[in-house]
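**Q** Next up is a structure, given as structure tokens.
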Amino acid sequence: MRRHLPHGRFTALTACVAAALLTACSSAPTRLQYQIPQQPEGSSGHTDKPGWAAERFAVAAANPLATDAGYQVLKAGGSAIDAAIAVQMVLTLVEPQSSGIGGGAFLLHAAGNRVEAYDGRETAPAAATPDLFIGADGKPLAFHDAVVGGRSVGVPGTVRMLEQAHREHGALPWAALFQPAIQLAEQGFNVSARLNALLSNEKFLAQDPVARAYFFDPDGKPWPVGHTLRNPELAVVLRAIAKDGSRALLEGDVAQAIVAKVQSHPINPGRLALADLSGYQPKKRDALCFDHQAGARDLRICGFPPPSSGAIAVGQILGILNHTGASALALQDSPQGPAPSADWLYLYNEAARLAFADRAQYVADPDFVRPPAGTWMSLLDPAYLASRALLIGPHSMKVAQPGTPGGVQTGMAPMPDQPEFGTSHISVVDARGNAVAMTTTIEDQFGSRQMISTSSARSGGFLLNNELTDFSFAPRDAQGRPIANRVEPGKRPRSSMAPTLVFDKASGQLLMSGGSPGGALIIHYTAKTLHGIFNWGLTPQQAIDLPNFGNLNGPTLLEEKRFTPATLESLRARGAEVREMNMTSGLQAITRGQVHGKPMWLGGADPRREGVVMGD
């Protein structure tokens, strides 16, 4: 049963809905018998979401078909990891622009208050060199000149990482988790409004003959909304992975097809080799956890460590804010709905400048770059954050400089600002009390625009990532100092992905699983949701619904048409350059709360995308 939580605080849940809540039942695994649900009609605009409540388990994903696959797995007694695998395989099919088996992912898993971090980030080929994205003129390539083709493709890591997580935490058989995606690929799914809109605005995908034959009609137009799109080629690949595991993707015919596609691109060939694929290994890392006080609550927030910059930057922003007057500033009402005040936004954006300055200076793959002062926690040290907060004055600093955590200077150069896109997020809590927060990506919209098909029929397939463009295109600065996030063989590019699990510090109880897509803005979407839930007392849906904002150590970015003219003018009066823009987050969050005094999971999904939450 799926329960929707009306807008307004969760205490407004109607008695009739509360009476319909299911009671807990046995969580013993049963045989998954997947049934294709009624097909959704997603939107690429803004669709109000009701909020959801569930008693035993819940799953949130960016597409209703993907969410439903995870729901059916949980209903059959599957674990949170099982559900995440089923969701990811369906997203490969129905949200190909954002993530899939041709990309990478970061996954946090909690069993009680024990948190494990599974790194499925792509790696650079062994033949990659620091000048990979330097053109013949000696200058960094333009972004899409680097992206489109084989040059940008890293070794896909999602499937092998999920395979490892399933060995350790799976409840249902590996092969069973591929049933939903296989059936949908063979029987077809309806093209959603969002997929149609993205295809209509896409400039590069049709250059690939396989992608053109799959995504577009014979006249070269995107398949219309509601068109039944089948992908038998993907079904073949998924059946092979279900039977033989990640070897079916990273070795044999599929691996040969990947390498041939990458190396033979007519304009922009890449350096990926068969040995890169077969030798890929996911990594288990120590989750990056830190204490945080939100109002009167003491929290333990856990995120992903480097090569992701997400948890560090989120923690720095929230920690710096705690050394300002931001915690005393409430939301304000406006004709556009509740929104942060100009005073709060000013403090947030100044804190964000400081965090992004440190991010550009220090964060990269920890197997290649030492953390400042020998530990990444130096960037989250309370005394260091307090010293950074002292730099916030009445007039904007415009561009912040990196600090010296632990008092240690570095010989590295800061990375120049660079585009960063893509991604999807999955949150799950299961009936056993386990949780997953997983952010997954192929980077730019439709990745490298290279679609893999192992048959001459070209009846679909899957897209390859362009993850290597998350490295710095320039390996050194003008003074010759190396940039920490430069390309190196076998290295994992820096990310902004921020899958997040939040616990009550005293009891260890899980309070939240959440995260978002959105490139570098992931950091701000996640921080907004955390502050909204734990400082402003909002439900997850209310926090997600708040207007978006952010700062990448430059202009103040505000979601267009969501803030009053007075707010914009107040920020400008303090020296901030303000830009209004489309800020399409894709937030998912599941939090622990109560409905009429009964403990419940409360779920929220972003109104800016197609996602929903389902649970019992």
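The values are calculated or read from the model by the stated rules, or taken from the named source; none is laboratory data. Bear in mind the structure is a predicted one, so any value in this text is a computation, not a measurement. No Cβ is skipped: glycine too gets one built from the backbone with ideal geometry, and neighbour counts run over all protein chains shown.
**Q** Given the conditions (1) surrounded by fewer than 24 Cβ atoms within 10 Å (Cβ to Cβ); (2) within 22 Å of the chain's Cα centre (by Cα), which single one is not true for THR454?
**A** (2)
**Q** If you don't mind, there's one more thing I want to ask. If I filter the range 224-233 for residues that are at positive phi and either in a helix (DSSP H, G or I) or exposed (fewer than 14 other Cβ atoms within 10 Å of the Cβ) (or both), do I get at least one hit? Write out each step before concluding.
**A** Quick first cut of the range 224-233, residues at positive phi only: 226.
Keeping just the survivors that are either in a helix (DSSP H, G or I) or exposed (fewer than 14 other Cβ atoms within 10 Å of the Cβ) (or both) gives 226.
Within the range 224-233 (the criterion being at positive phi and either in a helix (DSSP H, G or I) or exposed (fewer than 14 other Cβ atoms within 10 Å of the Cβ) (or both)), the answer is yes, since at least one residue qualifies.
**Q** Cβ-Cβ under 6 Å, sequence separation 6+ or interchain: first residue in the range 392-419 and under 13 Å from ILE483 (Cβ atoms) and surrounded by 17 or more Cβ atoms within 10 Å (Cβ to Cβ), partner at pLDDT 85 or above and of a type in the set (Gly, Ala, Ser). Which pairs?
**A** Partner pairs satisfying both residue conditions: PRO402/ALA357; MET412/ALA484; PRO414/ALA360; MET415/ALA360; MET415/SER472.
**Q** Looking at the range 321-342, is at least one residue farther than 15 Å from LYS528 by Cα, modelled with pLDDT of 95 or more and in contact with a helix residue (DSSP H, G or I) (Cβ under 7 Å, 6 or more places away or on another chain)?
**A** yes
**Q** Could you check the range 60-117 and list, in sequence order, the residues that are in a loop (DSSP other than H, G, I, E, B), under 24 Å from LEU229 (Cβ atoms) and not charged (D, E, K, R)? Before the answer, list the steps.
**A** Within the range 60-117, the first condition is being in a loop (DSSP other than H, G, I, E, B), and the residues that meet it are 62-63, 76-79, 95-103, 112-113.
Next cut, under 24 Å from LEU229 (Cβ atoms) only: 62-63, 95-103.
Correct list: ALA62, ASN63, PRO96, GLN97, SER98, SER99, GLY100, ILE101, GLY102, GLY103.
**Q** Here's another thing I want to ask about it. Could you list all residues from the range 350-375 that are within 19 Å of ALA413 (Cβ to Cβ), assigned to a helix (DSSP H, G or I) and either of a type outside the set (Gly, Ala, Ser) or in contact with a Lys or Arg (Cβ under 8 Å, 6 or more places away or on another chain) (or both)?
**A** Within the range 350-375, ARG353, LEU354, PHE356, ASP358, ARG359, GLN361, TYR362, PRO372 qualify.
**Q** Still on this structure: Mind listing whichever residues of the range 514-547 are under 15 Å from VAL314 (Cα atoms) and of a type in the set (S, T, N, Q)? Even if it seems obvious, please write down each step before you answer.
**A** Within the range 514-547, the subset under 15 Å from VAL314 (Cα atoms) is 514-535.
Listed by number, the residues that qualify are SER516, THR526, THR529, ASN535.
**Q** Check the range 349-359 and report whether any residue there is in contact with a Gly (Cβ under 7 Å, 6 or more places away or on another chain), modelled with pLDDT of 95 or more, of a type outside the set (A, V, I, L, M) and closer than 23 Å to TYR384 by Cβ.
**A** Yes - at least one qualifying residue is present in the range 349-359.
**Q** Right, something else. Across the range 466-479, what is the total count of residues that are under 20 Å from THR410 (Cβ atoms), part of a loop (DSSP other than H, G, I, E, B) and touching a residue at least 60 places away in the same chain (Cβ under 8 Å)? Walk me through how you get there before you give the answer.
**A** Applying the first criterion (under 20 Å from THR410 (Cβ atoms)) to the range 466-479 yields 471-472, 474-479.
Filter again for part of a loop (DSSP other than H, G, I, E, B), leaving 471, 474-475, 477-479.
If we keep only those that are touching a residue at least 60 places away in the same chain (Cβ under 8 Å) as well, we get 471, 474-475, 477, 479.
Summing the residues that are under 20 Å from THR410 (Cβ atoms), part of a loop (DSSP other than H, G, I, E, B) and touching a residue at least 60 places away in the same chain (Cβ under 8 Å) in the range 466-479 gives 5.
**Q** Here is a check on your reading of the model: is THR375 more than 21 Å from SER516 (Cβ to Cβ), β-branched (Val, Ile, Thr), in contact with a helix residue (DSSP H, G or I) (Cβ under 6 Å, 6 or more places away or on another chain) and modelled with pLDDT of 95 or more? Don't jump to the end; show me each part of the working.
**A** Details: more than 21 Å from SER516 (Cβ to Cβ): yes; β-branched (Val, Ile, Thr): yes; in contact with a helix residue (DSSP H, G or I) (Cβ under 6 Å, 6 or more places away or on another chain): no; modelled with pLDDT of 95 or more: yes.
So THR375 fails the test.
Listed here are the residues, each with its yes/no results for (1) within 23 Å of PHE356 (Cβ to Cβ); (2) modelled with pLDDT under 95; (3) surrounded by 24 or more Cβ atoms within 10 Å (Cβ to Cβ).
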| residue | (1), (2), (3) |
| --- | --- |
| GLY514 | yes, no, yes |
| PRO517 | yes, yes, yes |
| THR529 | yes, no, yes |
| ASN548 | yes, no, yes |
| ASN551 | yes, no, yes |
| LEU571 | yes, no, no |
| ARG579 | yes, no, no |
| VAL595 | no, yes, no |
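**Q** Sticking with this structure for a sec: Of ALA111, ALA142, ALA127, ALA136, which residue is in contact (Cβ under 8 Å) with a residue 60 or more places away in the chain, surrounded by fewer than 20 Cβ atoms within 10 Å (Cβ to Cβ), over 20 Å from ASP365 (Cβ atoms) and aliphatic (A, V, I, L, M)?
**A** Details: ALA142 fails: in contact (Cβ under 8 Å) with a residue 60 or more places away in the chain; ALA127 fails: over 20 Å from ASP365 (Cβ atoms); ALA136 fails: in contact (Cβ under 8 Å) with a residue 60 or more places away in the chain.
None of the others qualify; the one that does is ALA111.
**Q** Of the residues LEU501, LEU538, only one is modelled with pLDDT of 95 or more and either surrounded by fewer than 19 Cβ atoms within 10 Å (Cβ to Cβ) or more than 17 Å from the chain's Cα centre (by Cα) (or both); which? Spell out the reasoning first.
**A** Details: LEU501 fails: either surrounded by fewer than 19 Cβ atoms within 10 Å (Cβ to Cβ) or more than 17 Å from the chain's Cα centre (by Cα) (or both).
Answer to the check: LEU538.
**Q** Before we move on, is GLN316 surrounded by fewer than 24 Cβ atoms within 10 Å (Cβ to Cβ) and modelled with pLDDT of 95 or more? Write out each step before concluding.
**A** Working: surrounded by fewer than 24 Cβ atoms within 10 Å (Cβ to Cβ): no; modelled with pLDDT of 95 or more: yes.
No, not satisfied.
**Q** Just the residues that are outside any loop (DSSP other than H, G, I, E, B) and farther than 22 Å from ARG608 by Cβ, please, taken from the range 424-462.
**A** Step one: list which residues in the range 424-462 are outside any loop (DSSP other than H, G, I, E, B), which gives 424-429, 434-441, 451-452, 462.
Within the range 424-462, VAL429, ASN434, ALA435, VAL436, MET451, ILE452, PHE462 meet the criteria.
**Q** Looking at the range 164-172, is at least one residue in contact (Cβ under 8 Å) with a residue 60 or more places away in the chain, part of a helix (DSSP H, G or I), aliphatic (A, V, I, L, M) and within 30 Å of ILE301 (Cβ to Cβ)?
**A** Yes, because at least one residue in the range 164-172 is in contact (Cβ under 8 Å) with a residue 60 or more places away in the chain, part of a helix (DSSP H, G or I), aliphatic (A, V, I, L, M) and within 30 Å of ILE301 (Cβ to Cβ).
**Q** Could you list, ordered by first residue, the pairs with Cβ atoms under 9 Å in which the first is in the range 480-508 and at positive phi and the second is among the aliphatic types (A, V, I, L, M) and at pLDDT below 95, at least 6 apart or interchain?
**A** Short answer, once both residue conditions are applied: GLY480/ALA413.
**Q** Could you tell me whether ARG212 is without any contact (Cβ under 8 Å) to a residue 60 or more places away in the chain, of a type outside the set (A, V, I, L, M, F, W, C), in a helix (DSSP H, G or I) and surrounded by fewer than 22 Cβ atoms within 10 Å (Cβ to Cβ)?
**A** Working: without any contact (Cβ under 8 Å) to a residue 60 or more places away in the chain: yes; of a type outside the set (A, V, I, L, M, F, W, C): yes; in a helix (DSSP H, G or I): yes; surrounded by fewer than 22 Cβ atoms within 10 Å (Cβ to Cβ): yes.
In short, yes.
**Q** Right, something else. Filter the range 443-452 for residues that are at negative phi and at pLDDT 95 or above and give the result. Steps first, answer last, please.
**A** Narrowing the range 443-452 to residues at negative phi: 444-445, 448, 450-452.
Listed by number, the residues that qualify are SER448, GLN450, MET451, ILE452.
**Q** Taking the criterion of being over 27 Å from GLU610 (Cα atoms) and of a type in the set (A, V, I, L, M), would at least one residue in the range 179-186 satisfy it?
**A** Keep residues of the range 179-186 that are over 27 Å from GLU610 (Cα atoms), which gives none.
Within the range 179-186 (the criterion being over 27 Å from GLU610 (Cα atoms) and of a type in the set (A, V, I, L, M)), the answer is no, since none of the residues qualifies.
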